[in-house]
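Below is one structure, written out as structure tokens; the observations come after it.
The values are calculated or read from the model by the stated rules, or taken from the named source; none is laboratory data. What you are looking at is a predicted structure, and each value in this text was computed from that prediction instead of being measured. Cβ sites come from the backbone with ideal geometry, for glycine too, and all protein chains shown count toward neighbours. The accessibility values were calculated without ligands, DNA or RNA, using every heavy atom of the protein model including side chains. Shrake-Rupley method; radii C 1.70, N 1.55, O 1.52, S 1.80 Å.
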Amino acid sequence: MSRFMAMWEATGAPRLWLEGSDYAEQLLAGGHAPWLDVAAGIAWQRKMQELLPSDVLTIDVARIATALCAAQPALARAMAEKQRGGYALKTLLADEALRQHLTEWIVALRAALPQPMLCLKLLAPGAAVAQAWQLAHGTAAVTEADEDQIDAAALYQADFLRTFSAAGLDALLLVEPVAGPGAEIQALYQSLLNVATGYQWCVGLEVPGGQDGVSLTEGFSFVIADAQQTLPTAVRVADVFWQTDVVPVAAAVRYARVPPGLQPERVLQRLQVLRG
């Protein structure tokens, strides 16, 4: 069993997977996270880990790609050269500057904070097509990605993931922001699942709030959802938890986004509850 999956077998206090970037960006970085400066970013991550000790650290590809496109208009223009739905994503993920920068982030974070596990966060193929289109064209795509575009996107992502084979990742998290995919759509992810599992990364899926009865195909090891599922589940803590005295449901692993704007004292109080 991998160290990552062993979180669900551990005894004692729940393991915490904290997403604190929004909170720490406001509190520690003046509202501007240093996504494009690895040295400053690692220093920021160290401070965040001191405030919000997490058993898993997340590197969010979408956030870094957004920052890179804003800083390099030529990349966004190249992504917009063709109108095919998946062209923007193909161009983005093939960009050597993005690949090199993410590699530097992962390697530096692994060296600076070796104890927490390290997870690469990637939009699921259909959502990745939509985000890349938005970055390239400055407007949302008119139609959702079809099955051919999702299949192609998974291939682009599989090639992209090969860049990080030796970077020190423990897991890959795919994020479905709208709805959990059915078996037919999950089958289109096989190319990227094959790459990830070949590198012995644990692969998970985060589904939106309100999605119960999540059924995942072979290749997935865990899920992030509102309640326990068949697979090992990092149970998502609702945002209301931070504003009230509600007690979270029992879980071996809890996944919590720390909202921006909270007082540090309040955050510390609620973290004690999460670890209880």
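Key figures for this structure:
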read-out	value
Candidates PHE220, PHE160, PHE241, ranked by Gaussian network fluctuation over the chain, Cα under 10 Å, top entry	PHE241
Relative contact order for region 118-163, counting Cα pairs under 8 Å that sit 6 or more residues apart, in percent	38
Within the accessible area of region 97-217 (1.4 Å probe), percent carbon and sulfur	51
Contour minus Cα-Cα distance for ALA166 and GLN263 (0.36 nm per residue)	31.0 nm
Phi-based couplings in Hz for region 153-162 (Karplus 6.51, -1.76, 1.60; Gly and Pro marked x)	4, 4, 5, 4, 5, 4, 5, 4, 5, 4
Residue-by-residue Karplus 3J(HN,Hα) for region 117-122, coefficients 6.51, -1.76, 1.60, Hz, glycine and proline x	7, 10, 10, 8, 9, 9
For GLU206, residues with placed amide H under 5 Å, excluding near neighbours	LEU174, VAL175, GLU176, ILE224
Value of relative contact order over region 72-168, rounded to a whole percent, pairs C-alpha under 8 Å and six or more apart	38
Centroid-to-centroid separation of region 193-216 and region 131-179 [C-alpha atoms, Å]	14
Paramagnetic reach from GLN83 (point 7 Å along Cα→Cβ, amide N under 20 Å) across region 112-133	129-133
VAL273-GLU147 pseudo-label distance in nm [points 7 Å out on the Cα-to-Cβ vector]	4.6
Dipole in debye (nearest 20) - the chain, about Cα centre, beta carbon charges: Lys, Arg +1; Asp, Glu -1	680
Theoretical gain in end-to-end length, MET5 to ASP159 [0.36 nm per residue, Cα-Cα removed]	52.9 nm
Counted charge near VAL175, where neighbours are those whose Cβ lies closer than 10 Å (Asp, Glu -1; Lys, Arg +1)	-2
Per residue accessible area of the chain, 1.4 Å probe, in Å²	45
Built amide H within the under 5 Å cut-off of GLU19, gap 5+	ALA256, ARG257, VAL258
Relative contact order (%) - region 14-91, alpha-carbon pairs under 8 angstrom, separation at least six	28
Efficiency of FRET between VAL240 and VAL178 - r from beta-carbon atoms, R0 22 angstrom, step 0.05	0.50
Proximal charge balance of LEU262 [Cβ under 11 Å; K/R count +1, D/E count -1]	-1
